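Peer 1: Submitted below is the structure of interest, expressed as structure tokens.
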Amino acid sequence: MRGLGELEAKVMDVLWSASEPLRVREVLERLHTPRPLAYTTVMTVLDNLHGKGWVRRERAGRAYEYTASETREEAGAKLLRDVLHSSGDAEQVLLHFARSATPEESDILRRALDRRGGRG
Amino acid sequence: MTLALGLLMAAVVIGVAGPAYLCIAVKPSVRPGLALVGWVTSMALMVVAALVAAVLLVAPHAYVLDGLIGMRHSCVNVIRASGEVAWGHVARSAGAAAVFGAAGWVAVVAARLSWHRRRWRREHLALLRAVCRCERSILWMDEDTPVAYSVGGRRGAIVATRGVARLRPRERDAILAHEHAHMRGRHHLLLLVADVMAKALPFVPLCRRAPGAIRVLVELAADAAAARLHGPGPVRAGLLAVVGHGTPSTALAMSRDAVEARLRWLADERVALGWLPARVGYALAAVLALTPALVSIAIVTLVVLVYCLGVRPA
């Protein structure tokens, strides 16, 4: 899944919360950002999201109407799958509650338990 | 000069023998947090000892500091004060250059790795905040597989799925307490430090083995913290519930081995809980980690004394 910037994530949140396709102006109205955004900024963000495959758009009159290309649940499932399967970055940055252990780590645990066993 | 040699020796002893004596502390009767303090302190100590030694080697009049250990007037300083021997100067400069070079390399690796991880984290968190519901400072994901994990950093977060929310309350709370312990203990930062040291100085045994040991210890420390709050039972049940749901296709399925060990650990640890106040324990662990350094300095001092007795003109 291609990554999202912070503003892009906020725009996706607006599209997921909406029940119908939204125009740029409507997305802008529903965005709650610390500073008011320019119309063109939101348009660019939506255009980028379209390029990344996160949103679909259809022409309605003179403007585009945008919808999220997958539901929030689908996006969540995909994100989680990425986290669980990736062996690179996620493995190193995140601390899972029940993470897979490298042979070295299992070895440390096992030897530690044996040490106790040997003594008592 | 004696102090500088002693500190260099201390850095080498800690770097080479560290894993051997630190692993002794990894056992169920010792609070995992203490072993964690021992590892982290030892790594910091090794770096500080080497850096101070390098400064002492090249700084003018640094031999005055040998007075701290009563070695100001030792013969090695007399030679230094009364006219330099060229090779001695070269050797000292080379030693210092090696240490400073290594320190610079560590800094470069640290900058690269932390930048890389920070970027990954920022993107991941942005995605999470879009996809998840935030409730009681936890990001909840609509997924039936019970999964919980934490993202470190200043704006870090704990992520849990609907599958976790549906567990029994005590199990759910134990799992979340485990993740909170990671955040409170800054475990992600400790892991970053260990990874940086291992990547920069893989030929030093203490650094090479740090990531593995610290990964194990932070999990055990978080388990222990959760067990102190909710009792070992719910932590065990939580672990089993999370692992039990892992489908073979996910990485979770591979964790059974480690989880087995953690379960046995939790069963043993009840004996160890609370025989020492935590703060006292941590201070004690830090002091114990200092011991090899002090012993090294003492041994070098002794060697220098013996050497000086030998070279004294009859």
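Quick note: the coordinates plus some simple rules give every number you see, no bench work behind them. Keep in mind that what you see is a predicted model, and the values were worked out from it rather than measured. Neighbour counts run over all protein chains shown; Cβ positions are idealised from the backbone, glycine included.
Peer 1: Does anyone have the angle between helix B:232-244 and the longest principal axis of chain B? Alpha-carbon axes, 0 to 90°, nearest 10?
Peer 2: 70 degrees
Peer 1: Determine the shielding of peptide B:147-156 by partner chains: average, over its residues, the number of Cβ atoms on other chains within 10 angstrom of each Cβ.
Peer 2: Values: counts 6, 4, 11, 5, 5, 3, 1, 0, 0, 3.
That average works out to 4.
Peer 1: Follow-up question, since we're still on this one. Please report, in whole Å, how far the alpha carbons of the protein assembly as shown spread along each principal axis, starting with the longest.
Peer 2: 106, 57, 33
Peer 1: Per DSSP H run of at least 4 residues, take -39500 (n - 2.57); add these up for the protein assembly as shown, divide by its residues and hand me the 222 nm value, nearest 500 deg cm²/dmol.
Peer 2: Theoretical 222 nm ellipticity from helices: -22500 deg cm²/dmol.
Peer 1: Near the amide H of B:E143, under 5 Å away, which other amide H atoms are found, from residues 5 or more places off or on another chain, if H is placed in the peptide plane?
Peer 2: For B:E143, whose amide H was placed from the backbone, the distant partners under 5 Å are B:R162, B:G163.
Peer 1: State the antiparallel share, in %, of DSSP beta bridges confined to chain B, rounding to the nearest 5.
Peer 2: In chain B, approximately 65 percent of DSSP beta bridges are antiparallel ones.
Peer 1: Per residue of A:5-14, how many C-beta atoms from partner chains lie within 10 Å of its own C-beta, taken as a mean? Intermediate values should be presented prior to the final figure.
Peer 2: Details: counts 4, 6, 1, 4, 8, 3, 1, 5, 3, 1.
Partner Cβ neighbours, averaged per residue: 4.
Peer 1: Moving to a separate point now. Against the longest principal axis of chain B, how steep is helix B:169-184, in degrees 0 to 90 to the nearest 10, with axes from Cα atoms?
Peer 2: Helix B:169-184 sits roughly 30 degrees off the main axis of chain B.
Peer 1: For A:Y39, A:Y64, B:Y63, which order do you get if you count the other beta carbons within 10 Å of each Cβ and list the fewest first?
Peer 2: On the way: A:Y39 11, A:Y64 19, B:Y63 22.
Ascending number of Cβ neighbours within 10 Å: A:Y39, A:Y64, B:Y63.
Peer 1: Moving to a separate point now. How many angstrom lie between the Cα centre of segment B:128-195 and the Cα centre of segment A:47-89?
Peer 2: Measuring centre to centre over Cα atoms gives 24 Å.
Peer 1: Rounded to whole Å and sorted largest first, what semi-axes of the equivalent ellipsoid does the C-alpha gyration tensor of segment B:87-172 yield via the square root of 5 times each eigenvalue?
Peer 2: Values: eigenvalues 443, 40, 14 Å².
Its equivalent ellipsoid spans semi-axes of 47, 14, 8 Å.
Peer 1: Using a Cα distance threshold of under 28 Å, what count of lysine pairs results for the protein assembly as shown when pairs must be 8 or more residues apart or interchain?
Peer 2: Value for the protein assembly as shown: 4.
Peer 1: Kindly put B:R236, A:R62, B:R262 in sequence by how many other C-beta atoms sit within 10 Å of each C-beta, fewest to most.
Peer 2: Numbers: B:R236 19, A:R62 5, B:R262 22.
Fewest-to-most ranking of B:R236, A:R62, B:R262: A:R62, B:R236, B:R262.
Peer 1: Right, next: Sort all Cα-Cα distances of chain B into consecutive 10 angstrom bins from zero, then give the percent of pairs in each bin up to the one containing the longest distance.
Peer 2: 6, 22, 26, 21, 12, 8, 4, 1, 0
Peer 1: If you take the Cα atoms of segment B:133-271, find Rg, then find the Kirkwood Rh from the mean of 1/r over all pairs, what is Rg/Rh? Numbers along the way, then the final one.
Peer 2: On the way: Rg = 15.5 Å, Rh = 15.8 Å.
Looking at segment B:133-271, the ratio lands at 0.98.
Peer 1: Just checking the output field for A:73-85: average partner chain Cβ neighbours within 10 Å of each residue's Cβ?
Peer 2: Details: counts 5, 2, 5, 12, 7, 2, 9, 11, 4, 2, 9, 10, 3.
Per-residue shielding by partner chains comes out at 6.
Peer 1: Can you give the three extents of the C-alpha atoms in segment A:1-95 along their principal axes, from longest to shortest, in whole Å?
Peer 2: For segment A:1-95, the Cα extents along the three principal axes come out at 46, 28, 21 Å.
Peer 1: List the residues, sorted by chain then number, that are 5 or more residues from B:I138 or on another chain and whose placed amide H is less than 5 Å from its amide H.
Peer 2: For B:I138, whose amide H was placed from the backbone, there are no distant partners under 5 Å.
Peer 1: What's the exposure ranking of B:E135, B:E123, A:E74, B:E179, going from fewest to most Cβ atoms within 10 Å?
Peer 2: Numbers: B:E135 10, B:E123 18, A:E74 13, B:E179 25.
Ordered by Cβ neighbours within 10 Å, fewest first: B:E135, A:E74, B:E123, B:E179.
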